[in-house]
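Engineer: First the structure, which I've put down as structure tokens, then a few questions once you've had a look.
The values are calculated or read from the model by the stated rules, or taken from the named source; none is laboratory data. Keep in mind it's a predicted model, so treat the numbers as computed, not measured. In this analysis, Cβ positions are derived from the backbone assuming ideal geometry, glycine residues included, and neighbour counts consider all displayed protein chains. Surface accessibility is based on the protein's heavy atoms, side chains included, excluding ligands, DNA and RNA. Shrake-Rupley method; radii C 1.70, N 1.55, O 1.52, S 1.80 Å.
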Amino acid sequence: MKLAKGTLRALVALLATLALVATAVYYKVDESGIGASEEQTTITIAYLPITHAVPLFKAAEQLGQQNSNVHVELVKYGGWAELMDALDSGRVDGASVLIEMAMEAKSQGIPLELSLLGHRDGNVIIAGNDITSPAQLKGKTIAIPNEQSSHNILVQQLLNKYGMSEKDVTLVEMAPAEMPAGLKSGQIDGYCVAEPFGAKAVETGVGHVLATSDELWENSICCGIVFNTQATAEKQEALKTFKQAYLSAGNSLTKDEAVQIAVNNLGQDEATSQQSLQWISFNDLSVTEEAYGRLRQEVIEYGLNDNPPTYDEFVAKN
């Protein structure tokens, strides 16, 4: 069938218009990033509402502001046992957790990997106001959050420094939030735990700092960001992006920013947060072989684990 010249010109014009529209749509999609970048990957990380979780919130916020293809979903838990259960089972990808608890789980065959630190130093040993010297701890009751913790090690280091051992005191496990009240009531005579609960005793006047972690164990490590390698097997590129954001967040955190995160996201009051952050460092949260080696040595020496995983077996290399 032969088209009239006018009809042919109209058809050519229509096809040209459609081509221009298609080109415009293509560039609009490309500029908006839809279909032009990788699909967004979500990393779920469990945490307890303690000061040591502060860098997680800044890292998650930074990735959101950068329109990253990595989304961090933070999942709050009320205690270490339920958090570790979620991590061990792979219900979450990772967790901010006591490193010794993760070491113990790794020893039992759980596929965990230590990637980053939660903080450096920042732990204090609190005592009732009637105890003015560590020597007075003999025969007293001291609370720790868990046997598998740097808090346990720090208490034993302090006792050892003053010629005592754990046999000279009663060590009890207690929920961190209950410790300041337990000290006030006389149920316990002292404690060592993650912040802000040490600062809480100082701020309320029910106790005082008997020793700081840097006095007993310089550059001590305590909490870490641990991932379940089975849960994250298909998320390795996303983990690299998260790690970079997390390290950047820790290095750039100002005290004012940290206080605001603690108040807004962790339910802390400002005065307690200010006090708590006097002791904690968030700089350089990478895991060095030296720092992990010292932790492993202390874990063995103080009887937490006879054969904890080595650096090569447990610490992420990228």
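Let's see how each residue does on (1) over 17 Å from the mean Cα position of the chain (by Cα); (2) buried (at least 17 other Cβ atoms within 10 Å of the Cβ); (3) within 21 Å of Val75 (Cβ to Cβ):
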{"site": "Gln244", "(1), (2), (3)": "no, no, no"}
{"site": "Gln278", "(1), (2), (3)": "yes, no, no"}
{"site": "Val287", "(1), (2), (3)": "no, yes, no"}
{"site": "Lys317", "(1), (2), (3)": "yes, no, no"}
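Engineer: Further question on the same structure: Looking at (1) β-branched (Val, Ile, Thr); (2) touching a helix residue (DSSP H, G or I) at 6+ places or on another chain (Cβ under 6 Å); (3) closer than 19 Å to Asp121 by Cβ, find the lone condition where Thr288 falls short.
Structural biologist: Condition (2) is where Thr288 drops out.
Engineer: Can you tell me which residue is farthest from Ser248 (Cα to Cα) among those in the stretch 260-286 that are of a type in the set (A, V, I, L, M, F, W, C) and not in a loop (DSSP other than H, G, I, E, B)?
Structural biologist: Out of the qualifying residues, it is Ala271.
Engineer: Could you please let me know if Leu239 is open to solvent by less than 50 Å² (accessible area, probe 1.4 Å), over 26 Å from Ser273 (Cβ atoms), out of contact with any Leu (no Cβ under 6 Å at 6 or more places or on another chain) and in contact (Cβ under 8 Å) with a residue 60 or more places away in the chain?
Structural biologist: Considered against the rule, which asks whether it is open to solvent by less than 50 Å² (accessible area, probe 1.4 Å), over 26 Å from Ser273 (Cβ atoms), out of contact with any Leu (no Cβ under 6 Å at 6 or more places or on another chain) and in contact (Cβ under 8 Å) with a residue 60 or more places away in the chain, Leu239 comes out as yes.
Residues are listed down the side, and each one gets a yes or a no for (1) β-branched (Val, Ile, Thr); (2) touching a Lys or Arg at 6+ places or on another chain (Cβ under 8 Å); (3) open to solvent by 60 Å² or more (accessible area, probe 1.4 Å); (4) on the phi > 0 side of the Ramachandran plot:
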residue: Glu100; (1), (2), (3), (4): no, no, no, no
residue: Pro111; (1), (2), (3), (4): no, no, no, no
residue: Pro134; (1), (2), (3), (4): no, yes, no, no
residue: Ile144; (1), (2), (3), (4): yes, no, no, no
residue: Leu171; (1), (2), (3), (4): no, no, no, no
residue: Met174; (1), (2), (3), (4): no, no, no, no
residue: Leu183; (1), (2), (3), (4): no, no, no, no
residue: Gln187; (1), (2), (3), (4): no, no, yes, no
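Engineer: Then there's this: If only one of Asn152, Asn160 is assigned to a helix (DSSP H, G or I), open to solvent by 50 Å² or more (accessible area, probe 1.4 Å) and under 25 Å from Asp306 (Cβ atoms), which one is it?
Structural biologist: Going through Asn152, Asn160 in turn, the sole match is Asn160.
Engineer: Under the condition of being part of a loop (DSSP other than H, G, I, E, B) and out of contact with any strand residue (DSSP E or B) (no Cβ under 9 Å at 6 or more places or on another chain), which residue from the stretch 189-213 is surrounded by the fewest Cβ atoms within 10 Å (Cβ to Cβ)?
Structural biologist: Checked the stretch 189-213; the qualifying residue surrounded by the fewest Cβ atoms within 10 Å (Cβ to Cβ) is Gly205.
Engineer: Within the stretch 77-112, work out how many residues are basic (Lys, Arg) and either in contact with a Pro (Cβ under 6 Å, 6 or more places away or on another chain) or assigned to a helix (DSSP H, G or I) (or both).
Structural biologist: Residues flagged as basic (Lys, Arg) and either in contact with a Pro (Cβ under 6 Å, 6 or more places away or on another chain) or assigned to a helix (DSSP H, G or I) (or both) within the stretch 77-112 amount to 1.
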